[in-house]
Amino acid sequence: MKSIKIKKLASNMVTVVLFLALILMVFVVVTSKASGGEPQIFGYQLKTVLSGSMEPGIKTGSIIAVKPGGDMSRFSEGDVITFKQEENVLVTHRITETIKNGDQVMYRTKGDNNDSEDMEPVLSENVVAEYNGFTIPYIGYFMDFTNSKNGAFLFIIPGILLAIYSAFTIWSALSQIEALNKKDSSNVEKIV
């Protein structure tokens with residue numbers, strides 16, 4: 001009897017884990033597509049850190065949450081911003097100086113782990129978001145892998161496993177119901 005309870009508990013745990021993995025995958029895919037490629041949670045974009053320029057505070061391979069939008073000329077020294085360095089290259093560095101020239105605002109930036117400031121000041125128009133201090137170490141490696149062709153293929157595996165496990169569970173439940181029905185029908189025949 002105890003082994004049946006343990007098997008049932010293990011079965012329920014596997015079901016919950018696979019179901020949560022499936023929900024997480026659906027959430028990541030939907031938010032990525034809805035936001036044009038960047039997963040978003042409660043208005044924050046998730047970015048993968050690919051360099052060690054902000055270590056030790058932000059480790060290579062981490063996921064960081066940044067808040068896009070708003071007045072990008074509002075930042076001051078010490079704030080950490082994400083900006084376009086080139087067309088498809090985003091950088092997250094700390095502001096070391098704010099330069100105001102009439103209506104135009106520029107920022108001098110530096111990675112916490114870098115020896116010197118970045119070569120070019122950043123125009124406020126090139127700032128895309130502000131870093132809020134939320135970091136999850138090492139998850140970025142996983143997210144970066146899932147964006148590759150091999151990773152996208154492997155991302156399907158938990159869904160397939162969940163479908164197979166669900167089919168097995170349904171088949172097992174139906175077999176048990178059928179066995180109970182046969183047992184009940186044989187008891188009815190003996191009583192009559």
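Every read-out reported here was derived from the displayed coordinates using simple, explicitly stated rules and does not represent laboratory data. What you are looking at is a predicted structure, and each value in this text was computed from that prediction instead of being measured. Here the Cβ positions follow ideal geometry from the backbone for every residue, glycine too, while neighbour counts run over all protein chains shown.
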Measuring from label point to label point, each 7 Å out along Cα→Cβ, what is the Glu87 to Lys59 span in nm? 3.5 nm
For Thr109, enumerate residues with amide H under 5 Å from its amide H, sequence gap 5+ or separate chain, H modeled in the peptide plane. Thr96, Asp118, Val122
Taking the Cβ-Cβ separation of Leu123 and Asp144 as r and a Förster radius of 35 Å, what is the calculated FRET efficiency to the nearest 0.05? 0.80
Unit-weight point scatterers at every alpha-carbon of the range 38-137, Debye formula, q = 0.10, 0.12 1/Å: log10 I(q)/I(0) is -0.24, -0.35
With θ set to phi - 60°, apply the Karplus curve 6.51 cos²θ - 1.76 cosθ + 1.60 along the range 71-83 and write out the HN-Hα couplings as whole Hz, x wherever there is a Gly or Pro. 7, 7, 9, 8, 7, 9, 4, x, 5, 10, 10, 10, 9
Long-range HN-HN contacts of Glu130 with modeled amide H, under 5 Å: Lys67, Thr82
